[in-house]
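Notes follow the structure.
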Amino acid sequence: MSTTMAPSTKADLGWGRDLRSPGILGLLLMLALQLLIALGFSLSDPGAAAFTPQAPLIALTPKEVTRITIEGPDDEGKVQLSRKAGGEWVIANLADLPVTATKVDQLLEQVTALKRPLPIGTSEDARKRFKVADDGYVRRLTLEGADGQSTTLVLGETPGFRRIFGRTADDSEVYDLPLALSDVSNRRDDWAQTGLLKLDQEKISSVSGKDWTLTKNEQGWSLAESTEPLDEGAAKALVAKVANLGYRGVLGTEDDPAYHQQEPVLELSIQLDDGGTRAYRISKAEDGEDYVLKDAARPYYFKLSTFDLEGLLDLDRSKLIVQPEAPKAEAASEPPAPQPADTPEPTETSEPEASTSDAESAPSESPEAPAQVQAPATETPPPPAPPAQQAPTQAQ
């Protein structure tokens, strides 16, 4: 029995043979060469390298930066930070007020570490929408180097946690940057040191108020020109409060009638072991609940709250003296209930002692005389026995 093979239905198009032909292979090699040449040109273009994710956004390093300017929109606050020759940072537009150096170091490390990511917008419309336009922004940060080199970042809205839209001032591309708006504050109080009024408590030798002066000696604290007993606990608490006095911000260096410094609510004079002095004048500000402190040794006017001055505003001489204890109120007692008139109070029954008068008036009893029955003791002695009760003497 013979088997007939079915004819194959698979069409042989002959592509394999055509692709292996010398002409086609030459064309493919030319195409690959052109792609390699185009890629080489793109990598050698300086503009293309700037858009790679690893390219730094700012060319300056933290050590090269000597001045930082942070501006808000429409002149709503401006702070200028400057590095002094010794390396410390100050607020240049606030009489060189010292700043918290760690905050400046943190800002410089974050900003100089920014990389240039892929842009999320390049048009003028996008810059306005993300609020990074030249005439409409949230923050404007400028870093300056000692050699005159500078870079400006225009920062806008925040799309999420520790994210902010931004661009360099000389670039139109907008980026999504890993930076928090709070790290780029344009408020001077956010950069100022908060411990300028702090003193070493152990170095304070005296503190004076309106009508009192505390002085320190080998035994401790005492109230000058007074024989009254000092409250040691209150004195130590006062000195500790003065040594650690805090504040909320710095108002500036110019006096203002609204500060009412000519009508102080408290004045303190402090002497230090090294001969230094502090003279504080504290007044109530006209608006709000804040107080203003002026230190004679500094040009600044400090803003304090009621909490900062707790324990000082109501301080007077009497608070430093041991007060005599108030007499304890005697507990009220109820009067005893009256006894009924016909119910005599119970008394103990005892044998009455014979009085000398009774013994002298009564004759001696004979053996034959009947025994006398003694009456029970009463509150009044019984009268002497009548003569009839005496035994008669019989003649023998």
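Suppose every K and R has +1 on its Cβ and every D and E has -1 on its Cβ; what is the size of the dipole of segment 62-190 about the Cα centre, in Debye to the nearest 20?
Details: 19 positive and 23 negative charges, 66 e Å.
Rounded to the nearest 20 debye, it is 320 debye.
For a footprinting-style exposure proxy, rank Phe302, Phe161 by other Cβ within 10 Å, fewest first.
Least to most surrounded, the residues fall as Phe161, Phe302.
Using a cut-off of 10 Å between beta-carbons, work out the net charge of the residues near Thr69 (Lys and Arg +1, Asp and Glu -1, Thr69 not included).
Values: positive: Arg67, Lys78, Arg140; negative: Glu71, Glu144.
Residues close to Thr69 contribute a combined charge of +1.
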Taking Val239, Val65, Val265 and counting other C-beta atoms within 10 Å, the order from fewest to most: Val265, Val239, Val65
Once you've got the Cα coordinates, tell me which of Lys103/Lys319; Lys78/Lys115; Lys131/Lys284; Lys84/Lys128; Lys84/Lys216 are over 29 Å apart. Lys103/Lys319; Lys131/Lys284; Lys84/Lys128; Lys84/Lys216
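Can you work out D for segment 62-190 in µm² s⁻¹ from Stokes-Einstein, where Rh is the Kirkwood radius over C-alpha pairs, the temperature is 10 °C and the viscosity is 1.306 mPa s?
Details: Rh = 15.0 Å.
Approximately 106 µm²/s, per Stokes-Einstein.
Quick one: net charge of Gly136's neighbours, Cβ under 14 Å, K/R +1, D/E -1? Mind showing how you got there, number by number?
Details: positive: Arg127, Lys128, Arg129, Lys131, Arg139, Arg140, Arg167; negative: Glu71, Asp74, Asp75, Glu76, Glu124, Asp125, Asp134, Asp135, Glu157.
Around Gly136, the charge tally is -2.
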Ranked Ser82, Ser305, criterion: other C-beta atoms within 10 Å, fewest first: Ser305, Ser82
Under a Cβ-Cβ cut-off of 12 Å, what is the net charge of the residues other than Leu272 that fall near it, where Lys and Arg count +1 and Asp and Glu count -1? -1
Could you work out the per residue convex hull volume over the alpha carbons of segment 201-320, in cubic angstrom? 107
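Any read-out appearing in this document is the output of simple, stated calculations on the displayed coordinates, not a laboratory observation. Remember, predicted model here, so these are calculated numbers, not experimental data. With ideal geometry, Cβ positions are generated from the backbone for all residues, glycine too; neighbour counts draw on all protein chains shown.
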